[in-house]
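Engineer: Input: one structure, supplied below.
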Amino acid sequence: MKYITFFFAFLFTFNVLAETSLKELKKEATIDDDGKLNLTEFHQLNSPNAINPVSLSDNSIVGEKSFRFEVNHGECGQEPNHSDCETERERSELSYGWSDEDFETWKKEKRYRFYVFVPKEFNNLAPAQTSIFQFKRFNPSRVLYMFRYHHGGLYFDFSGDTFYPSPFYHLKFDRDMRENWTEVLFNTNFHPNKDKGFVRVWVDGQMKIDYKGIANHPKRGKDLI
């Protein structure tokens, strides 16, 4: 089964670089074969005054480029129904979506692969956490799963927006992530039936999660991103 691959480089810097357009990022995503996922937009809550929220880096483990994310103090955004500035959040985020025809396969197995690079200069703001990657459902918009990074390293959690109880798992220590690429494989079928659903996660080739049970909302989990 084909993997969908993402390349994320989390760099902490104050260097001002040339702004990268969404068109350039989409081109690189296509080169790196992002499969059935479609890069759609910069997130609406990215700060309009951000210095360099998403750009392309020459530091890459596969191909020539990776996505480089940068967030500086005060770079928060607002939209009509929510303000990151009022909830003490700052983000640099890209939004992906599946093609319309793929919405019908929400109960079928899918696999995703992405890489994360954390430089030694990255400023860990624990107890605040950095969301690396998340899957959401719509109607209403709620989080399903999230990969997070904070002082303990890399974590995976079943979001309380959808699951109760909402367990979380430690995947890799921070000290082992600095100046290294971390490979994450995520395998699920987004199935709402407790007897059919599953979630599996491998980190650097080692299985960390082998969960069997409800893997999606039973009624409101068909449309995914």
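The values are calculated or read from the model by the stated rules, or taken from the named source; none is laboratory data. Bear in mind the structure is a predicted one, so any value in this text is a computation, not a measurement. Glycine also receives a Cβ, built like all others from the backbone with ideal geometry; neighbour counts cover every protein chain displayed.
Engineer: For the condition over 28 Å from LYS222 (Cβ atoms) and surrounded by fewer than 20 Cβ atoms within 10 Å (Cβ to Cβ), what is the one hit in SER83, SER66, SER95?
Structural biologist: From the options SER83, SER66, SER95, the qualifying one is SER83.
Engineer: Answer with yes or no whether LEU144 is over 23 Å from VAL118 (Cα atoms), modelled with pLDDT of 90 or more and crowded, with 19+ Cβ neighbours inside 10 Å.
Structural biologist: Judged against the criteria, LEU144 is a match.
Engineer: Same structure, new question: Cβ contacts < 9 Å: first residue among the hydroxyl-bearing types (Ser, Thr, Tyr), restricted to the range 172-201; second residue assigned to a helix (DSSP H, G or I), any location; separation 6+ or different chain. Result?
Structural biologist: THR182/ASP176
Table: residues versus (1) part of a loop (DSSP other than H, G, I, E, B); (2) surrounded by 19 or more Cβ atoms within 10 Å (Cβ to Cβ); (3) modelled with pLDDT of 90 or more; (4) of a type outside the set (D, E, K, R).
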residue: GLU121; (1), (2), (3), (4): yes, no, no, no
residue: ALA128; (1), (2), (3), (4): yes, no, no, yes
residue: SER131; (1), (2), (3), (4): no, no, no, yes
residue: PRO140; (1), (2), (3), (4): yes, no, no, yes
residue: LEU154; (1), (2), (3), (4): no, yes, yes, yes
residue: ASP161; (1), (2), (3), (4): yes, no, yes, no
residue: TYR169; (1), (2), (3), (4): no, no, yes, yes
residue: VAL184; (1), (2), (3), (4): no, yes, yes, yes
residue: ASN187; (1), (2), (3), (4): no, yes, yes, yes
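Engineer: Then there's this: Looking only at the range 193-211, count how many residues are more than 18 Å from the chain's Cα centre (by Cα) and surrounded by fewer than 18 Cβ atoms within 10 Å (Cβ to Cβ).
Structural biologist: Within the range 193-211, residues that are more than 18 Å from the chain's Cα centre (by Cα) and surrounded by fewer than 18 Cβ atoms within 10 Å (Cβ to Cβ) number 10.
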